[in-house]
Amino acid sequence: MSAAPVSNLVPLESNARIVKELARRGYNAEREAITLLASAPDSAAAVGSVVDRAPDDALRITADHVRAVTDDRSASDDDRTPSDDDLTQGSTPTRNGDESPTETSKTLSPVETEGSFPDSESVADSNSGSNSGSNSGSNSTNDAAANNAAASNADHNGDRIADDSPDTAPHHDPDLRDLEIGNDMTGRSTGTGEYGDFVRTFRDRYERLSKVLRGRVNHRPAEAIAEMPGGSDAAMIGLVNDVRSTKSGHWLVELEDTTGTFPALIMKDKGLADLVDEILMDECLAVEGTLADDSGILFADSLHFPDVPRTHRTGGADRHVQAALISDVHVGSDEFMADAWSSFTDWLHTPEAEPVEYLLLAGDMVEGVGVYPDQDEELEIVDIYEQYEAFAEYLKEVPADTEVVMIPGNHDAVRLAEPQPGFNDEIRAIMDVHDAQIVSNPATVTVEGVDVLMYHGVSLDEVIAELPEEKASYDEPHKAMYQLLKKRHVAPQFGGHTRVAPEERDYLVIEDVPDVFHTGHVHKLGWGKYHNVLAVNSGCWQAQTDFQKSVNIDPDSGYAPILDLDTLDMTVRKFS
């Protein structure tokens, strides 16, 4: 890569500006490399020298690259005979009227003084909740805020701790990391769209979810129940084929298994109305009750969803390490919040963010093309490939030693039908920054013993539309996520808003209970725990578009949930 002349550089007084300068030149960098450059007497010249001497095939600047330059400079300085001016001035001259490097090193970056912790009380004080104020959870954010304030005061008083010195430069040991991908269907799609493919998908769904329910009810197949004498106790597990109310205010639910269908009548006086409100078409359900005298219908006494066991025990890392959970960046939109993104990536280069070694992106990296009516009027970049190229440039601002995992979303350049495979080779080649792992939507990412189910979240629209507002809403998206956990399927209803691709295996089944469930799509911030599973919808990095105004969506933009992988406590940080 060619380097710009050093004379064209502006002074670089902060980590953030160094990161941006390297990104402009086509590089990202390790945290330690940025720290070393920032501590150089002339950081601008150091950046130019490091870029000039970097190997031609290098995509990231490492600490070794920087040391090779700074060590040479130190040797040259040792050999130089000091002049009289050097001896009498006693300090390093400033550049173009700027502060001396000593004073500059005491100046905080904007993210350290303004954007490193949320200003919303609901975010700052909660372990679980949403941006609207329905919260409960870890108070680690309060401690972080207090620590930040103390650090800011110390910095402005000139007592900055030597976190940025070369001897204490942050460094991550890759040997300590452990990241595994599960349920990734990229490259494994077998569906042709024929009827038989759909049959196989739903049969697989039924077989796997019915196993979860068989320990709770004494299941009999539909054809066997039809042969039982009237008045017998019976239980059936099936996919919901139909739900309708009767003239008397009761509900008739038709279940289907591999042998046929059978109706169950849920009486309004049975106290099951609250559960009936949650039933979606095509989900797996168990019904227990008593057969009518003619054995033609099952009078339901109880309903069972596959659900998450209340005794679910979570995993955890054996060291203090964190992951940032974000989604819906939407590069290419004229409402993409570039300043907020830069504040976030600037913060990632600070000592406070040193534990953040993983970045999990839940889809919609770019705005896409032709996703909704008149979208072209709201695009800053109209070519899809150029959108990904721009996203790759923004991703360079993230520390180079960060492990990045991405799944696609409905705005990305993949098929709309779920499960969505990871990007094709052409898109992957554009986004080769960080050697990011690009996997399917959904996929399970096990990060140092913590199972994170990543799903973009298109089905949340359908859940919110179908269920009562107190059970699922855009203002509290985590509650809609609870429903998906309860159903053990990320997109249970077929034939509606969510498009489903037929595969031999239903990759949308939540067969293994995750520790963390991470989604995006709805552009709203919300989080909470359901049966000990942390559900997080991470908001977005796009301001409100005209289209969103037309459908009354007020996005929660510029937030980054930061998850402690050792304790599963979470801190939400606001950068806008």
*Please give every one of the lysines within straight-line cross-link reach of K396, meaning a C-alpha to C-alpha distance under 16 Å, and leave out same-chain neighbours fewer than 8 residues apart.*
K20
_Kirkwood Rh and Cα Rg combined as Rg over Rh, evaluated for segment 217-327_ = 1.17
*asked:* Report the gain in length on full extension from N552 to D435: 0.36 nm times residue separation, minus Cα-Cα distance, nm rounded to one decimal.
replied: 38.3 nm
*Label A58 and D383 with points 7 Å out from Cα along Cα→Cβ: what is the distance between them in nm?*
3.0 nm
*Per the Kirkwood formula on distinct C-alpha pairs, the Rh of segment 488-576 is how many angstrom?*
15.3 Å
*Any chance you could check the Cα centroid distance between segment 400-427 and segment 460-528 for me, in angstrom?*
19 Å
_Contour minus Cα-Cα distance for M228 and A292 (0.36 nm per residue)_ = 22.0 nm
*Considering the alpha-carbon set of segment 354-452 alone, what are its Rg and its Dmax in angstrom?*
14.1, 45
*Taking amide H positions as placed 1.01 Å from N in the peptide plane, with prolines and chain starts having none, which residues 5 or more places from E357, or on another chain, fall under 5 Å of its amide H?*
Q322
_Full-extension gain in nm, A465 to E254, via 0.36 nm per residue minus C-alpha separation_ = 73.8 nm
*Amide H to amide H under 5 Å from F299: which residues, 5+ apart in sequence or cross-chain, H placed 1.01 Å off N in plane?*
L265, T290, L291, A292
_Count, lysine Cα pairs under 17 Å in segment 416-566, 8 or more residues apart or across chains_ = 11
*At 7 Å along the Cα-to-beta-carbon direction for both S302 and Y195, put a label point, then send me their distance in nm to one decimal.*
3.9 nm
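Values in this text are rule-based calculations from the coordinates and carry no lab data. Predicted model only: the values in this text are computed from it and were never measured. Glycine also receives a Cβ, built like all others from the backbone with ideal geometry; neighbour counts cover every protein chain displayed.
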